[in-house]
Amino acid sequence: MTTAQTTAPTTPLTGGVRVGPAEIEDGADLWRIARGSGELDLNSPYSYLLWCRDFADTTAVARDATGRPVGFVTGYLRPDAPGTLFVWQVAVEDSHRGSGVAGALLDALSARVAAEHGLDRVEATVTPGNLASDRMFRSYARRHGAEVTREVLFPAASFPTAGHEAEVLYRIGPLDSTAL
């Protein structure tokens, strides 16, 4: 089990927003932000609390000038590929969308993971209709001089309810962890 420490360093962004590791108390806000995204599969509030406790070292939170979470990225190191960070969810409040917060969250998290664990590649799944995520991951790859490959990981028929789009796996790499 890992937990974030409140003294962990943060990365400043524009408008007084800072990016740092998750704290257990952030769980409810992450759920709120995910719910408001309109794009993410919403998990239970309990799962976000657990995520902030057990995966704090692979989660980043953007906070406004008052310290209130306004965005997050959650991820984990794949057990069968420990140099691969799988990005589970990325969400930013409406009031901060379009200001580079999502990209900064992803950059800060991948730099932290690279420094603490080493990092060869980033993976994520994106539904074909989620153009903002497609742009964000392609932009991340360009910033880091990496290739992006895509393939369907879970076809729509894999989901138990009708209407869920396929999940396309984005593989970004190889990454030079010393340059992150």
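For region 19-52, give me the residue count where each residue is part of a helix (DSSP H, G or I), surrounded by 16 or more Cβ atoms within 10 Å (Cβ to Cβ) and touching a residue at least 40 places away in the same chain (Cβ under 8 Å).
Total satisfying the criteria: 7.
Tell me, which residue of region 79-90 that is of a type outside the set (A, V, I, L, M, F, W, C) and surrounded by 19 or more Cβ atoms within 10 Å (Cβ to Cβ) is nearest to Ala34 (Cα to Cα)?
Applying the first criterion (of a type outside the set (A, V, I, L, M, F, W, C)) to region 79-90 yields 79-80, 82-84, 89.
Within this subset, residues satisfying the condition of being surrounded by 19 or more Cβ atoms within 10 Å (Cβ to Cβ) are 84, 89.
Numbers: Thr84: 23, Gln89: 8 Å.
Once the filter is applied, the top-ranked residue is Gln89.
Inside region 110-134, can you point out the residues that are out of contact with any helix residue (DSSP H, G or I) (no Cβ under 9 Å at 6 or more places or on another chain), crowded, with 16+ Cβ neighbours inside 10 Å and either closer than 20 Å to Val19 by Cα or free of Cβ contacts under 8 Å to residues at least 40 places away in the same chain (or both)?
Ala111, Ala114, Asp134
Out of the residues in region 163-180 meeting the condition of being outside any strand (DSSP E or B) and either at pLDDT below 90 or touching a Ser or Thr at 6+ places or on another chain (Cβ under 6 Å) (or both), tell me which one is farthest from Glu116 (Cα to Cα). First the steps, then the outcome.
Here is the first cut: in region 163-180, the ones outside any strand (DSSP E or B) are 163-166, 174-180.
With either at pLDDT below 90 or touching a Ser or Thr at 6+ places or on another chain (Cβ under 6 Å) (or both) added as a condition, the list becomes 165, 176-180.
On the way: Glu165: 35, Asp176: 14, Ser177: 10, Thr178: 11, Ala179: 14, Leu180: 12 Å.
Step by step, filter region 163-180, then rank; the result is Glu165.
Under 9 Å between Cβ atoms, at least 6 apart or on separate chains: pull out the pairs that start in region 152-163 with a residue that is open to solvent by 80 Å² or more (accessible area, probe 1.4 Å) and of a type in the set (Val, Ile, Thr) and end on any residue that is at pLDDT 95 or above and not in a loop (DSSP other than H, G, I, E, B).
Here the result reads Val152/Glu167; Val152/Val168; Val152/Leu169, each pair linking region 152-163 to a residue that is at pLDDT 95 or above and not in a loop (DSSP other than H, G, I, E, B).
For (1) open to solvent by less than 10 Å² (accessible area, probe 1.4 Å); (2) within 17 Å of Glu123 (Cβ to Cβ), each residue gets a yes or a no:
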| position | (1), (2) |
| --- | --- |
| Val61 | yes, no |
| Val70 | yes, no |
| Thr74 | yes, yes |
| Val92 | no, no |
| Ala104 | no, no |
| Ala108 | no, no |
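With respect to Arg97, is the statement that it is farther than 27 Å from Pro69 by Cα, surrounded by 15 or more Cβ atoms within 10 Å (Cβ to Cβ) and among the basic types (Lys, Arg) true?
It is false that Arg97 is farther than 27 Å from Pro69 by Cα, surrounded by 15 or more Cβ atoms within 10 Å (Cβ to Cβ) and among the basic types (Lys, Arg).
The values are calculated or read from the model by the stated rules, or taken from the named source; none is laboratory data. The model shown is predicted, which means the values in this text are computed figures rather than measured ones. Note that each Cβ is placed from the backbone with ideal geometry, even for glycine, and that neighbours are counted across all protein chains shown. Each accessible area value is taken on the protein alone, full model and side chains, heavy atoms only, with ligands, DNA and RNA left out. Shrake-Rupley method; radii C 1.70, N 1.55, O 1.52, S 1.80 Å.
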